[in-house]
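Everything on this sheet refers to the single structure shown next.
Every read-out reported here was derived from the displayed coordinates using simple, explicitly stated rules and does not represent laboratory data. Not measured: the values here are computed from a predicted model. Every residue, glycine among them, receives a Cβ derived from its backbone with ideal geometry; neighbour counts consider all protein chains shown.
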Amino acid sequence: MAIGFPLSLLVRKLESSALLSDEERRAIEGLPVATKIVPAHQDIVSDKEQTSRCCLVLEGWACRYKMLHEGRRQILSLHVPGDIPDLHSLHLEVMDHSLGALSQVTVGFLPHEAIRDLALRFPHLAGVLWRETLIDAAIFREWMTSLGRRDAYKRLAHLFCEMYVRLDVMGLVSDHSYRLPITQVDLSDALGLSNVHINRVLQELRHQELITLRGGVLTINKWPELAEAAEFDTTYLHLRSRPAA
């Protein structure tokens with residue numbers, strides 16, 4: 001499926017887990033959208049902010065995060081093109097976390113009013129958007145499982161597998177490789193590990209020739225072995241079909 005810019009990205013993302021009619025696709029692509037480039041390490045939406053629009057990631061990587069008073073950060077989720085990380089803001093008046101740019105990010109802002117109107121005109125689409133929030137919650141549960149019960153090796157391997165599948169769905173994987181525009185500090189903040197520990201696990205994954213990480217590009221050399229090591233199962237992503245690894 002060819003991807004235009006920008007709202008066909010959203011169509012593709014939604015169709016990875018649900019069927020859409022031609023009329024529904026046209027309605028999505030007709031939504032008003034205002035695009036903006038956000039530099040790396042800046043907030044797109046801040047904690048405690050009230051917003052009247054949702055953010056669609058068009059290019060780059062973003063994250064949800066919480067900042068503790070002593071300055072420590074916990075990354076709660078990673079977001080790539082096609083994701084709407086703050087879809088919940090349709091119903092929650094105040095943000096209880098921040099949404100920030102990990103790399104330079106191009107975002108499209110969709111007015112809440114337009115999304116609500118879309119949901120009223122197309123009840124099936126309302127269900128599809130609700131499904132997106134449920135899948136987002138499923139991913140969060142998997143992250144909680146990793147933080148609570150997987151060791152550092154499995155935690156990082158699982159994240160690499162997840163991002164591979166999510167990017168593959170959006171056509172952003174080539175020759176088992178994808179852009180990984182984040183730092184070891186970002187990985188440590190996402191996985192609850194020290195930067196030293198992340199570096200040690202990366203070296204082990206490289207030593208076993210499961211991955212290659214060079215110039216911000218991650219290559220998975222042995223998908224079956226990496227997925228087995230991570231105990232990775234795509235069920236929680238609730239895809240209509242699993243892209244070929």
- line: The distance between the Cα centres of the stretch 24-103 and the stretch 172-245, in whole Å, is 23 Å
message: Please list, by residue number, every one of the trypsin sites (Lys or Arg not before Pro) in the stretch 169-245 that is coil in DSSP and has at most 15 other beta-carbon atoms within 10 Å.
response: LYS222, ARG240
query: Cα to Cα, under 25 Å, and not fewer than 8 places away if on the same chain: which lysines meet these conditions relative to LYS222?
result: LYS154
query: Where the Cα atoms of the chain are projected onto their three principal axes, how long is each span, largest first, in whole Å?
result: 53, 43, 31
query: Magnitude of the Cβ-charge dipole of the stretch 126-177, K/R +1 and D/E -1, about the Cα centre, nearest 20 debye?
result: 260 debye
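Give me GLU15, GLU209 sorted ascending by neighbouring Cβ count inside 10 Å, so fewest comes first.
GLU209, GLU15
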- prompt: If you place +1 on the Cβ of every Lys and Arg and -1 on the Cβ of every Asp and Glu, how big does the dipole about the Cα centre of the stretch 151-245 come out, in debye to the nearest 20?
  reply: 200 debye
- prompt: Among ASP86, ASP151, which comes first, second and so on when ranked by fewest other beta-carbon atoms within 10 Å?
  reply: ASP151, ASP86
query: Based on Cβ point charges of +1 for Lys and Arg and -1 for Asp and Glu, what charge dipole magnitude is obtained for the stretch 8-140 about its Cα centre, in debye rounded to the nearest 20?
result: 180 debye
field: Set of aspartates and glutamates with alpha-carbon distance to LYS48 below 20 Å, sequence-local pairs under 8 removed
entry: GLU70, ASP86, GLU93, ASP96
